[in-house]
Every structure is written in structure tokens, then in C-alpha cells.
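Q: Structure below; questions to follow.
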Amino acid sequence: MNDLIEVRDLSVHFEIRAKGIGGARRNLTAVDDVSLTAKRGQTLAIVGESGSGKTTLALAIARLASGKTTGEVRIDGKDVVSLTDGGLDWMRRKVQVIFQDPFSSLNPRQRAEDIVREPLDNLTTKTKAEKAEIVDRFFNAVGLRPEQKRLFPHQFSGGQRQRIGIARALSTQPEVIICDEPVSALDVAVQAQIINLLRRLQDEFGLTYLFISHDLGVVQHMCDSVAVMYMGKIVEHADRLQLFNDPQHPYTRALISAVPAVDPDLRNRGQKLALVGDPPNLLNLPKGCRFASRCPLAEPRCFETEPPLRVRVGGHRVACHLVDLGPEASAEAVSPSAPEFP
Amino acid sequence: MSFLLKVENLRIELRMRAGVAPVIDDLSFELAHGESISFVGESGCGKSMTALAIMGLLPEGIGRVASGKIWFDGEDLVAASPARLRHIRGNKIGMIFQEPMTSLNPVYSVGEQIAEVLREHQGLSRKAAWAEAIELLDAVRIPNPETRATAYPFEMSGGQRQRVMIAIALACKPKILIADEPTTALDVTVQAQIFDLLRDLRRQTGTSLIMITHDMGAVAEMAERMIVMYAGRKAEEGPVDKVIAHARHPYTQGLISCVPHLVAHLTEERQDLNEVPGIVPGLAEFGQGRCLFASRCARATERCLTTRPEEIAFSDVHRSACWHAEGM
């Protein structure tokens, strides 16, 4: 299959200064040795709790993370971590972002058409007429009316504002769009409108989505494959049916069972895997598996060694000591425990 | 059957530049002892206003109860004096707000904030209130309550802060607990913990629960009965299982089917989500003599645009305010 995005051993570090004058500097590793792939024209969802590093990972892939980034990100075979100037413009045209909050992600002093045109001004050398044509086309594609082009963001509803954000992301005709919680700030009925729109646009323009969300219902509907993150690590990476029908990692199972279900069959299955406590501190990580302190199944070895991401039958990747890899699985270790960053 | 809370023909008006708007328009409902009900709807439908009205906390000078009664334990809260309401709030009716980050005082320790409620409402001494606060922190499952009681809100995670809010609301063992979107700001795993906690506490104390939410899944997990609100009016009311299995109002159907729910067995097949087009009307349109949902409704007919739908009862407990309810 054709992988459009390939990420290998990607880490993002932030320097944190302790309280007070001259406080000690420490390193916080928000994304820790992450490897994943996304296929062209498909949706890869990144799920996890807040603080798990999912947004940082996606921003690092788009070269937008402010921390120190190491590792390799290939988009269409081209390494983007080392790009500068002109190469970076190429990458910016190819990779665009839709943000979570449609209220703060649009400039309140620009008209809708200027907002949508801005990426074209910055990244392309198209003529005025060409740009105007492109703005019209995508205004129409996201379901806004031409006469709304002259309005300011505050004159739109939340859903319409998100449509402007989508049109802006589409304007450079990218191949990859990073959707960072694109519907979580919207009302439920409006969420459905935006989700349907995103899926329609994906078909129409052959887009590849990196879809960041904490809402497993939305993820299950949108994605083709899923990467589950916990404390900066990927704990499970599988395609949609495998992950939702046969989740392997205890954290994934806990996440899925924590979603309040409308389906009575699901509610009465009675195998809730409840998590206790809060995640550990990223600045003071435990020795073994990062999930062990909250894991209902943890064994002594889980507190000793960090489980590598291993491949199971059918390409299902899991980082857990307790998971049986199945008969024909290879013992390929993707990343052993991460070395301490100096 | 005697009700703990009975709201009759409640109308709440908000003063705006363009005149008054009825944010709650002729709302009636009951809450039995120990019962759990949910208010569901999009933002701007009047769910939170209902809660604030019960608490006597409508925005001063802007919102007021124009007509109707709120009977609580045989007493009309609309006519109650501010002093009496102050006594009822906290003692008899507790409330948890949506944002645990902003509804706690950042400059007091959490133990102090719980103890304050006990001193104010139950006249406990400083020492006794502090000891009780620690008990309460333990009851909401905060580890090491003795040391955590001295922590400030910023030192706690979102889930822990919400637990502190619950401890404050339950400090005086209220008869009703109102939870306004208690888990919207939290992660799903933490949400599950909070729901578990609320369920257990309810079992132990017999408190009635009014939960306000937009998440049908949360309703299905937590409530026995639900009231669907739209544009300040009750669209549908009934037992949760019945309404989810067979909603009698197009808005309820829309709310249920527009969300991609997790299913027990996932297949390749993926259909487009059902859309409810448009958005909730602005306050200026509230109170008009027609069905306010008609502009977003696929079933709308001439009658919906000219006459406000009456409530149709399908059983003693299931009612819908839609002209087409019978055909659904």
C-alpha cells in the first residue's frame, strides 16, 4: 500500500524551568520515539487523553511544534524535518491544519475571503484572478454562500466558522490535512454537519487526514486506522475494525469501555474496565510501562521493563507485555525502551 | 405520588436590548424522591436556565421568573425570600458546575472551600468542619485526603477538581443534586470515574439527581427519565429507554442519530450521519406561536409554522410536543 506519511522514531522535547529564579532546567518529552504510517487518501486517527501528546505529535509532523524535534518524518517520501525556506513552503502547501476552536483560530479583523486567501498569498505565486477563482471554488465546496465572502468571523455561527477554517485549509490544495479536534467545540447537531462535510471533501479531493480526537464515537466513524497514545507513546496502532472490535491494549479497552453507550447491548456487556487514578507526571516517569500504575492487569514485570511496540497478526501493533502476539507474528521490536534524554 | 420537586408552567424572561425574550417558555416537570432525570439539548435551549431558576440564581437584573411555580418539598421557591433561598441552596439543593477549573476559588485550599460550606450552612466549628471536609474528600475518592485537603485547586487535575466540586455540593447532604454538564471538560476515562462516583453516592444517600447534558450516551448511563429541551420549550419527555428506542419528536431523533455512537460490533459499512440542518434560533425568535424547530425539521408542514404544538401523551410518562408525533 502507498504510505503518504511515514514517521520514524519521532520525539519532541520541551525544556521546562522549575519554579523560582535559577530553577533547574529539565526536559519534558511530550512525544517519545513514535513511529507510524498513514496511507494516502485515508484517515489516521490519533486518540488519547488530554496531555497524551497527540496534538504535539501532529504539529511535529507539520513542522509546527515549538519543541526540539528529533527523528524522521517523510511526506510523500520526502524528509520534512530537515526542510528549510523554499522546501518548507512546498511542505506547507502540502500539509494544512484545521484547528479545534473556530472562535480563536480566525482573525477577527479579516473578512472571510481574505482568511481563505491568506495561505495562497503566503505560499503561492498565483495571480489575483486565479486566487479569487480558488477562493470561490472552496467557499462553495464547504457549503458557504458567495455573498458571505465579505463578512467578518463574528457574523458567522460556530459551524460556519469551522467551514471557513476548512476552506482555508483546502485553499493550497494540500494532500494532508491535520484535523485537531475539529468538532469538539461545536454543538452536537453541528458536529454531524462538519463530519459529513469532512468525509465528502476527503472523497472529492483525495485528502489524507490526520484526525486528532478524544471522542471515540467520532473516531470510529471517521478513521481508517487508529494510533492510541498514552503519555507520549503509542500503545496501540491498528486499522479501524481491528482496533474497535478487538482492542488489545488494556488502555485502549478502558478507553472504549469508558464511553457512555446508547446501544443497550454495549451497555449491558458488563465488562467495564475502570481506570483508577490519574496519569503519572511526564517529568517523573515510572521505570516500566507508563500505564502500569493505572492498569488493572499489571504484573510485576510491567513495573520493571517498558514494553516495546510489537506487531501482532494482521499488522496490529501493541505495546503491552501481556498481549499474545498470535501464531504468525514476527518478533520485530519497533522501539525498545527510550534512552534518557540528556 | 408525592414529588420532591414540581415545576409548573414556568416562564423565565431575559431582558434584552430588543425587549424581553422567554428563555424558558411554559415548562412543567416533576422530580420524585431519589429519581434521576436529565435535561438534553443543544446550547442555547434553556437547560442551564432551568437549573439556575431552581437554585434562585438567575442573572440579577436580567433574568426573572415571569410566571409559574417551583414547588420544592411543599414550598414555592419562586415566592421564597432571598434568605430562605440561601438556606435551601447548599442545604437542600446542591449544584455542580461545568467548569471545575473556574468554579473553585484559586486562593483557598480545597479543604477550606469544603469546610466553608459546612460552617455556613450547618454551623459546625472550624475544627469539626475541617474533619468533615476530609471525610468528604475521602468519600469522593481522593487519595490521601488529609494532605490533599491543604492543596490548592491549581495543584489538582481536572477530574480531582470536579470531585472537590461534588464534595462541596454534597457537603450538606442535599435532597437534590443538580449537575450542569459535569463531565464536558473531562477525558472519557475520568468521566467514567465521575459517573461511577455519582451513581455510588446516589445509592448511599438517596439524593435525586438532575443532570444537564448534550450527550445522549451520558443520559443513557445516568438517568431514568429525560426531558429534551428546544428553544426554551420542552420538546419531549419520557423514560430514557423508551425515548431512545422510539423518539416521538424529530428533534430527539435528530439528537440521537446525528452522533456517531460506538456499537457493539463494528462493520465496514459507514453511512453518512443524519444531519439536523441549521442551528438553534436566536433568543429574538423564542416564544413565537409556532413550532420553533420547524425551520430545521424535515416533517414541517403548514400547521407547524402557524401554531405552537400541544403536548401529546403516549402513556402516563411519555409526552411529545410535535404535531407529527403520532406518525413517528
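Read the figures in this text as sums done on the coordinates, not as results from a lab. Computed from a predicted model, the values in this text were never measured in an experiment. Quick reminder, even Gly has a Cβ in these numbers, built from the backbone with ideal geometry, and neighbours come from all protein chains shown.
Q: Which order do A:Thr69, B:Thr205 fall in if you start with the one that has the fewest other Cβ atoms within 10 Å? Don't skip to the end; give the middle numbers.
A: Numbers: A:Thr69 18, B:Thr205 14.
Ranking A:Thr69, B:Thr205 by Cβ neighbours within 10 Å, fewest first, gives B:Thr205, A:Thr69.
Q: Report, as a whole number in µm² per second, the diffusion coefficient that Stokes-Einstein gives for chain B at 20 °C and 1.002 mPa s using the Kirkwood radius over alpha carbon pairs. It would help to have the intermediate numbers written out before the result.
A: Numbers: Rh = 21.0 Å.
Once the numbers are plugged in, D ends up at 102 µm²/s.
Q: Got a sec? How would B:Ser257, B:Ser315 order by Cβ neighbour count within 10 Å, fewest to most?
A: On the way: B:Ser257 16, B:Ser315 9.
Going from sparsest to densest Cβ surroundings: B:Ser315, B:Ser257.
Q: Follow-up. Report ³J(HN,Hα) in whole Hz for each residue of the stretch B:170-179, in order, from the Karplus equation J = 6.51 cos²θ - 1.76 cosθ + 1.60 where θ = phi - 60°; Gly and Pro get x.
A: Rounded to whole hertz, the list is 8, 3, 9, 6, x, 7, 10, 10, 9, 10.
Q: Which percent of Cα pairs goes in each bin when the distances of the stretch A:177-309 are cut into 10 angstrom slices starting at zero?
A: 10, 35, 34, 17, 4, 0
Q: Something else now. Can you give the Rg and Dmax of the stretch B:62-153 based on its C-alpha atoms, in angstrom?
A: Expressed in Å, the Cα Rg and Dmax of the stretch B:62-153 come to 16.2, 49.
Q: Dividing the Cα radius of gyration by the Kirkwood radius, what Rg/Rh value follows for the stretch B:259-328?
A: On the way: Rg = 16.1 Å, Rh = 14.8 Å.
Answer for the stretch B:259-328: 1.09.
Q: Pulled fully out, how much extra length does the chain show between A:Lys287 and A:Arg301, if you take 0.36 nm times their separation in residues and subtract their Cα-Cα distance? Before the final figure, lay out the partial values.
A: Details: separation 14, 0.36 × 14 = 5.04 nm, distance 1.06 nm.
Full extension of this stretch gives 4.0 nm more.
Q: Please grab the % of Cα pairs in the stretch B:1-134 that end up more than 26 Å from each other. Walk me through the numbers before you get to the answer.
A: On the way: 3032 of 8911 pairs.
When every Cα pair of the stretch B:1-134 is considered, 34 percent fall beyond 26 Å.
Q: Taking Rh as the Kirkwood radius computed over C-alpha pairs, what is the Stokes-Einstein D of the stretch B:117-196 at 25 °C in a medium of viscosity 0.890 mPa s, expressed in µm² per second? Each step should come with its number before you reach the end.
A: Numbers: Rh = 13.3 Å.
The calculation lands on 184 µm²/s.
Q: Here's a follow-up. Pick from B:Arg270, B:Arg308, B:Arg126 the residue whose mean-square fluctuation is largest in a GNM of chain B, springs joining Cα atoms under 10 Å.
A: Result: B:Arg270 has the largest fluctuation of those listed.
Q: Roughly how crowded by other chains is peptide A:181-192, in terms of the mean Cβ count from those chains within 10 Å of each of its Cβ atoms? Working shown, then result.
A: On the way: counts 0, 0, 0, 1, 0, 3, 10, 13, 17, 8, 6, 12.
Shielding by partners across A:181-192 averages 6.
Q: When Rg is the radius of gyration of the Cα atoms in chain A and Rh is its Kirkwood radius, what does Rg/Rh come to? Intermediate results must be reported in sequence, preceding the final value.
A: On the way: Rg = 21.1 Å, Rh = 21.4 Å.
Looking at chain A, the ratio lands at 0.99.
Q: So, one more: Taking 7 Å along the Cα-to-C-beta vector as the label spot, tell me the A:Lys126-B:Arg126 distance in nanometres, rounded to one decimal.
A: 7.0
Q: Amide H to amide H, which residues 5 or more places from B:Ser36 or on other chains are under 5 Å from it, using H placed in the peptide plane?
A: Excluding prolines and chain starts, which carry no amide H, the hits are B:Leu209, B:Glu224, B:Arg225.
Q: Which whole-Hz couplings ³J(HN,Hα) result when phi for each residue of the stretch B:33-39 is put into the Karplus expression 6.51 cos²θ - 1.76 cosθ + 1.60, θ = phi - 60°, listed in order with x for Gly and Pro?
A: These are the phi-based 3J(HN,Hα) values: 4, x, 7, 10, 10, 10, 9 Hz.
Q: Mean shadow of the stretch B:249-288, computed from the convex hull of its alpha carbons, in nm²?
A: Numbers: hull surface 16.5 nm².
Average of the hull's projected areas for the stretch B:249-288 equals 4.1 nm².
Q: Also: Taking amide hydrogens as modeled 1.01 Å from N in the peptide plane, which residues meet the under 5 Å criterion relative to B:Tyr230, leaving out close sequence neighbours?
A: Residues meeting the amide H criterion: B:Ala235.
Q: Using modelled amide H (1.01 Å from N, peptide plane; none on Pro or chain starts), what sits under 5 Å from the amide H of B:Leu124, excluding residues fewer than 5 places away?
A: So B:Leu124 has HN proximity to B:Arg119.
Q: What list do you get for A:Val97, A:Val190, A:Val323 if you sort them by fewest beta carbons within 10 Å?
A: Least to most surrounded, the residues fall as A:Val323, A:Val97, A:Val190.
Q: Tell me the Rg and the Dmax, in Å, that the Cα atoms of the stretch A:254-319 produce.
A: Rg, Dmax (Cα atoms, Å): 14.8, 41.
Q: Mind giving me the nanometre distance, one decimal, between the label points for B:Glu135 and A:Asp246, set 7 Å out from Cα along Cα→Cβ?
A: 5.3
Q: What per residue convex hull volume, in Å³, comes out for the protein assembly as shown when only alpha-carbon positions are used?
A: Numbers: hull volume 124.8 nm³, N = 670.
Once divided by residue count, the hull of the protein assembly as shown is 186 Å³.
Q: Over what distance in Å are the Cα centres of the stretch B:18-38 and the stretch A:26-56 separated?
A: 43
Q: Which number gives the lysine pairs in chain B that have C-alpha atoms under 13 Å apart and are eight or more places apart or on different chains?
A: Working: B:Lys6/B:Lys69; B:Lys47/B:Lys234; B:Lys92/B:Lys173; B:Lys92/B:Lys175.
Eligible lysine pairs with Cα atoms under 13 Å apart amount to 4.
Q: Return the calculated 222 nm mean residue ellipticity for the protein assembly as shown, to the nearest 500 deg cm²/dmol, obtained by summing -39500 (n - 2.57) across DSSP H runs with n ≥ 4 and dividing by the residue count. Intermediate results must be reported in sequence, preceding the final value.
A: Details: 21 runs with 208 residues, N = 670.
Mean residue ellipticity at 222 nm (helix-derived): -9000 deg cm²/dmol.
Q: Out of all DSSP beta bridges in the protein assembly as shown, what portion is antiparallel? Express it as a percent rounded to 5.
A: Working: 61 of 98 bridges.
Percentage antiparallel, nearest 5: 60.
Q: Hey, another quick one. Report the FRET efficiency, 1/(1 + (r/R0)^6), for B:Glu116 and B:Asn9, where r is their Cβ-Cβ distance and R0 is 41 Å, rounded to 0.05.
A: Values: r = 37 Å, r/R0 = 0.89.
So the FRET efficiency works out to roughly 0.65.
Q: Find the cysteines in chain B that fail to meet the 4.7 Å Cβ criterion with every other cysteine, and list them.
A: Taking the Cβ cut-off of 4.7 Å, the unpaired cysteines of chain B are B:Cys45, B:Cys172, B:Cys258, B:Cys297, B:Cys322.
Q: Something else: So which residue, out of A:Ile98, A:Ile134, A:Ile61, gets the largest mean-square fluctuation from a GNM of chain A using Cα contacts under 10 Å as springs?
A: Greatest mean-square fluctuation among the candidates belongs to A:Ile134.
Q: Now, a different point. Cut-off 13 Å, label point 7 angstrom out along Cα-to-Cβ of A:Glu15: give me the residues of the stretch A:25-56 whose amide nitrogen falls inside.
A: Answer for this model: A:25-28.
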